Structure formats: structure tokens, C-alpha cells
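Here the structure comes first, spelled out in C-alpha cells, and everything after it is commentary.
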Amino acid sequence: MAKTSSIELRRYLERIGGFNEAINKLLSREKETMSQIRQDSEEAGMKRVALAEDMLSLTSNYIIVNGISQVVLGAKNEEALNNARKSLYKCIIYLERVVSNHVDAPFSDYEEKLAGIAPLDAAARYLLVRKIGLALQLVEDAYGDNTKWRWSFVELEGRFATVAKNIMDLKKAVVNTDPRSPEYEPTVYHLRLIKKLLAQTADRYREKYELSTKNVEDFNMGIHFLSALRRLYSVLGPREETEMTKKKLDIWTAKLEADVKKNTMAPPKRIQDEDDSDTEE
């Protein structure tokens, strides 16, 4: 990369000035909000949702700073990118503390947690999930296809899929899928998105297992998300999708068991002797 001139650097600093101010304000507000939560836990749920929204704004500002760096300086701002990724993680972590991080569990296991965000209607919950999804896509696009974080994003995608599912009140969803419900439209769109995210995350963990790690825990996570999808279909249908997901789950489980058995029975790899180190790659 060509050496950055003082003129380009000055132009860059001028253009990111306003965004840095916004970033600092958001970071200060985060500290204030956390202090308020420690002093008064009654509104903790809604305050953490507000924190999640702030972390999305923080992510957006960091992404813009990186974009300006690419345009003005001709290079990515790795620090801004990393801060964007960390801010998005914090957004999801704040929501996990509100709605739980249970991937595959009965709604009754985390139903009580949703009482803290009762003021959020179906449309607000769906909008928040969509905004997180957009921010995640922007962060991944900013890093590019060849990033070292490629497989790390699978975990982030999984945690996003989990909070997207858990933020929905499934008891209300059963009622709101009636076309006569005033919350019908956001509920139906939210459900479609949840099903898509759970299926995609299952496939991504399977892909990570097959193409990268060969770690059975990754395959197990894929099966875990697939099981969560089946659980959702069993509650809200349709029946055909429930059966198809169950068949896929059975196939994946059998595949994992076969892989584990094969690896267990495989003979240990020969330890390479020092004197034949040049003969094998």
C-alpha cells in the first residue's frame, strides 16, 4: 500500500471526527445505563434492550469509520472492524441476559425472563432482530470472505439465531398467527426469520465441522440448532416441516455417531521419526 500522505490523513481524521464523537457518547451512555441497572434491577430488561440498541448504533459507527478509511486511505481500519465485531457481540450478550441463551429448550424454561420486556410488542421485537441481522451482515461483509474470523462468525450467527428465537413470546405467537390478530404480520415475519436462522445456523455448524475443525462439538451444535427448529415446528407447525426436520435430524445424528465410531476405532497416527522428516509433508 502506498504511503499515506499528511493531506489524506488530515482528510480522514476530519471525516471521522463526528463519528468518533458519537462513539464516545454511546460508550459513556453504556456505562451510565449499567450503573442504573446495578442500582435498580426492576427495569433491567428494558434497559438492556436499550443497551442492545446502543451497541447496534456503535457497530454502525465503527463500520462507517472503516468505510471512510477504505475510501480515503485505501486500507481497512482493523481496529474499527474489531470494535464493530465486539460491539455486536455485546449487543447479543445484553439480550441473552434478558431472554436467555437456551438453544433447544421448552418455552417454559425461559418464559419468566420475558416478563421484563413485556412493553415490547411483536413489531418492536421483530424490528430489533432485523436490525441485528443487518448489522451482522455488514460486519461480515466488511471483513470479507478471506478473513481469519470466517469460522468464528458461526458462533456469533448461532447466538443471534438463539436470541431471535427467545425474544419471541411463543404463547402470544400461537394467538398472533391468527390473521385477525393486530400483531399477525410482524409475528408471521418474525417466525419465518427464526426458522430461516435456525436452519442456516445448523448448516453453518455442519459446514464448519466438515470443512474446518472436524470437531464433533461443532457437529453437535448443528444438531442442537436443528433440534430447536424441530421443537419450534412442533409448536407452531406446519406438520410437514416438522416431519422433514425430524428426518434430517435423524440423518445428521446417525452421521455423527458413525464419524465418532470411525474416529474411535481408527489406529493412532504414526509418530514421524526424525530421520525421515524429509520424506513426508
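The values are calculated or read from the model by the stated rules, or taken from the named source; none is laboratory data. Keep in mind the model is a prediction, meaning the values are calculated, not measured. Positions of Cβ are backbone-derived with ideal geometry, glycine not excepted, and every protein chain shown enters the neighbour counts. Calculation scope for accessible area: heavy atoms of the full protein, side chains included, ligands and nucleic acids excluded. Shrake-Rupley method; radii C 1.70, N 1.55, O 1.52, S 1.80 Å.
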Tally of residues being aliphatic (A, V, I, L, M) and farther than 26 Å from Lys171 by Cβ across region 78-136: 7
Subset of region 104-132 (residues that are more than 22 Å from Glu30 (Cβ to Cβ), aliphatic (A, V, I, L, M), open to solvent by 20 Å² or more (accessible area, probe 1.4 Å) and not in a helix (DSSP H, G or I)): Ala118
Complete set of residues in region 175-216 that are open to solvent by less than 60 Å² (accessible area, probe 1.4 Å), of a type outside the set (Ser, Thr, Tyr) and not in a helix (DSSP H, G or I): Asp178, Glu183
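Could you tell me whether region 157-169 includes any residue that is in a helix (DSSP H, G or I), β-branched (Val, Ile, Thr) and surrounded by fewer than 19 Cβ atoms within 10 Å (Cβ to Cβ)? Break it down into steps so the answer makes sense when it comes.
First pass over region 157-169, keeping only residues in a helix (DSSP H, G or I): 157-166.
From the residues that got through so far, the ones that are β-branched (Val, Ile, Thr) too are 162-163.
Subset that is surrounded by fewer than 19 Cβ atoms within 10 Å (Cβ to Cβ): none.
No, region 157-169 contains no residue that is in a helix (DSSP H, G or I), β-branched (Val, Ile, Thr) and surrounded by fewer than 19 Cβ atoms within 10 Å (Cβ to Cβ).
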Close pairs from region 131-149: first more than 23 Å from Leu95 (Cα to Cα), partner of a type outside the set (Gly, Ala, Ser), Cβ under 7 Å, at least 6 apart: Ala142/Ile63; Ala142/Asn66; Ala142/Leu81; Tyr143/Leu81; Tyr143/Trp149
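Name the single residue, out of those in region 134-156 being out of contact with any helix residue (DSSP H, G or I) (no Cβ under 7 Å at 6 or more places or on another chain) and in a helix (DSSP H, G or I), that is farthest from Leu81 (Cα to Cα). Full working, then the answer.
First pass over region 134-156, keeping only residues out of contact with any helix residue (DSSP H, G or I) (no Cβ under 7 Å at 6 or more places or on another chain): 134, 137, 141, 144-148, 150, 152, 155.
Checking the rest, the ones that are also in a helix (DSSP H, G or I) come to 134, 137, 141, 152, 155.
Working: Leu134: 15, Gln137: 13, Asp141: 11, Ser152: 14, Glu155: 17 Å.
The extreme case among them is Glu155.
Within the group Ile23, Ile64, which residue is part of a helix (DSSP H, G or I), modelled with pLDDT of 95 or more and in contact with a Phe, Trp or Tyr (Cβ under 6 Å, 6 or more places away or on another chain)? First the steps, then the outcome.
Numbers: Ile23 fails: in contact with a Phe, Trp or Tyr (Cβ under 6 Å, 6 or more places away or on another chain).
After ruling out the rest, the residue left standing is Ile64.
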Top-ranked residue of region 111-152 - restricted to ones that are more than 24 Å from Ser100 (Cα to Cα) and of a type in the set (S, T, N, Q), ranked as modelled with the highest pLDDT: Thr147
All positions within region 228-254 that are surrounded by fewer than 20 Cβ atoms within 10 Å (Cβ to Cβ) and of a type in the set (S, T, N, Q): Ser234, Thr242, Thr253
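Restricting to region 35-46, give me the number of residues that are open to solvent by less than 70 Å² (accessible area, probe 1.4 Å) and more than 16 Å from Ile92 (Cβ to Cβ). It would help to see each step written out before you state the result.
Pass one, region 35-46, residues open to solvent by less than 70 Å² (accessible area, probe 1.4 Å): 35, 37, 40, 44-46.
When the remaining residues are screened for being more than 16 Å from Ile92 (Cβ to Cβ), the result is 35, 37, 40, 44, 46.
Count: 5.
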Residue in region 52-64 that is closer than 25 Å to Gly17 by Cα and under 12 Å from the mean Cα position of the chain (by Cα) present: no
Leu13, sole failed condition from (1) open to solvent by 50 Å² or more (accessible area, probe 1.4 Å); (2) closer than 23 Å to Ile132 by Cα: (2)
Residues located in region 65-74, provided they are closer than 13 Å to Tyr143 by Cα and open to solvent by 30 Å² or more (accessible area, probe 1.4 Å): Gln70
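Test Glu8 against the stated conditions and say whether it is among the charged types (D, E, K, R), part of a helix (DSSP H, G or I) and either within 28 Å of Met221 (Cα to Cα) or at pLDDT 95 or above (or both).
Values: among the charged types (D, E, K, R): yes; part of a helix (DSSP H, G or I): yes; either within 28 Å of Met221 (Cα to Cα) or at pLDDT 95 or above (or both): no.
Spelling it out, it is not the case that Glu8 is among the charged types (D, E, K, R), part of a helix (DSSP H, G or I) and either within 28 Å of Met221 (Cα to Cα) or at pLDDT 95 or above (or both).
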